[in-house]
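Undergrad: Below is one structure. I have some questions about it.
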Amino acid sequence: MQDLELIAQGAEARLYKGLYLGRMSLVKERFVKNYRHPELDARLTKDRIKAEARAIIRAKSAGIATPALYLVDVERRSIYMEYVENAIVLKDFIDENISGKTDVDDLVEFIGRGLGALIAKLHAKHMIHGDLTTSNILFKNDSVESSYNDQSEAETRFVMIDFGLARLDSTVEDKAVDLYVLERSLLSAHSEVPTLFSRIFHHYQKHYQNKSQCEQVLAKYKQVQARGRKRLMIG
Ligand SMILES: Nc1ncnc2c1ncn2[C@@H]1O[C@H](COP(=O)(O)OP(=O)(O)OP(=O)(O)O)[C@@H](O)[C@H]1O
Ligand SMILES: [Mg+2]
């Protein structure tokens, strides 16, 4: 690895950018947790890394835009993957281009379509992401702004990252919860864009190929949401 540069430090991992075999790469290195027994910590971390790598591969081969996986180094608690160039975290993109601005309907629709299609594809393959937030989606910001008007472009502009909590064999309920987690996170991170979730949800249903399966997810989602409301009322 060459020219390693620390770009982010999360709750569980440090992220570095640098050249690996001539390619711009991102290394996600999980910390040692000192409060855990060393052997237990090593085993849990190894499991998490393997699960994350597996989820990236499975999602990628199902045609979902994710960074390419380059290397899994269990000894160093690290995953090496493609560094997505010219992209920003969707959260920052929304904060800069939508929040507090007028005339943003086309752009909200664009994001709704891109994310709705991406999540529908993932769920149709019985995978869930587990932590759907606008911080775990990259927006490729490399073409001209006018292309937001071309809604068919939407599906090519979003990349899903951070599969640390993903699951491969998910139930209808898991999928409903995945959507609910997204809804809650949008309400708190992007309260100024109140239509965002409903646009995502609309396109999710439109793009979900297996309609009867989609109906099951919707029914479950309504239950999960009702349960969430009740919990909020109780406090
Ligand atoms: N492949 C990538 N290409 C470009 N930037 C990336 C890539 N992966 C991650 N990033 C950047 O690093 C940040 C953190 O990455 P990620 O979400 O995977 O880690 P995390 O949230 O710390 O992980 P976890 O939730 O598993 O602890 C992202 O928000 C993004 O800005
Ligand atoms: Mg993250």
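Undergrad: Kindly express, to the nearest 10 degrees and within the range 0 to 90, the angle between helix 38-61's C-alpha long axis and the longest C-alpha principal axis of the chain.
TA: 50 degrees
Undergrad: What is the local net charge at ARG184, summed over the other residues whose Cβ is closer than 14 Å to its Cβ (Lys, Arg +1; Asp, Glu -1)?
TA: 0
Undergrad: Considering only DSSP states other than H, G, I, E and B, which trypsin sites (Lys or Arg not before Pro) in the range 20-114 qualify as loop sites with at most 12 other Cβ atoms within 10 Å?
TA: LYS101
Undergrad: In the neighborhood of ILE111, defined by Cβ-to-Cβ distances under 12 Å, what is the net charge if each Lys or Arg adds +1 and each Asp or Glu adds -1?
TA: -1
Undergrad: Using a cut-off of 11 Å between beta-carbons, work out the net charge of the residues near ILE128 (Lys and Arg +1, Asp and Glu -1, ILE128 not included).
TA: Around ILE128, the charge tally is -2.
Undergrad: On C-alpha positions alone, give me the angle between the axis of helix 172-189 and the longest principal axis of the chain, in degrees, nearest 10.
TA: Value to nearest ten degrees: 90.
Undergrad: Looking at the range 87-234, what % of the alpha carbon pairs are farther apart than 18 Å?
TA: Every Cα pair in the range 87-234 considered, those over 18 Å come to 55 percent.
Undergrad: Compute the distance in nm between two label points, each set 7 Å from the Cα along the Cα-to-Cβ direction, one at ASP47 and one at GLU75.
TA: The modelled label-to-label distance comes out at 2.4 nm.
Undergrad: Given C-alpha coordinates of the range 2-82, what is the ratio Rg to Rh with the Kirkwood estimate of Rh?
TA: 0.99
Undergrad: Report, in degrees rounded to the nearest 10, the 0 to 90 angle that the Cα long axis of helix 105-124 makes with the longest principal axis of the chain.
TA: The angle comes out near 60 degrees.
Undergrad: While we're on this one: Which GluC sites (Glu not before Pro) in the range 165-198 pass both tests, a DSSP loop state and at most 16 other beta-carbon atoms within 10 Å?
TA: Filter output for the range 165-198: GLU192.
Since every read-out is calculated from the coordinates, none of them should be taken as a lab result. These figures come from a predicted structure and were not determined experimentally. With ideal geometry, Cβ positions are generated from the backbone for all residues, glycine too; neighbour counts draw on all protein chains shown.
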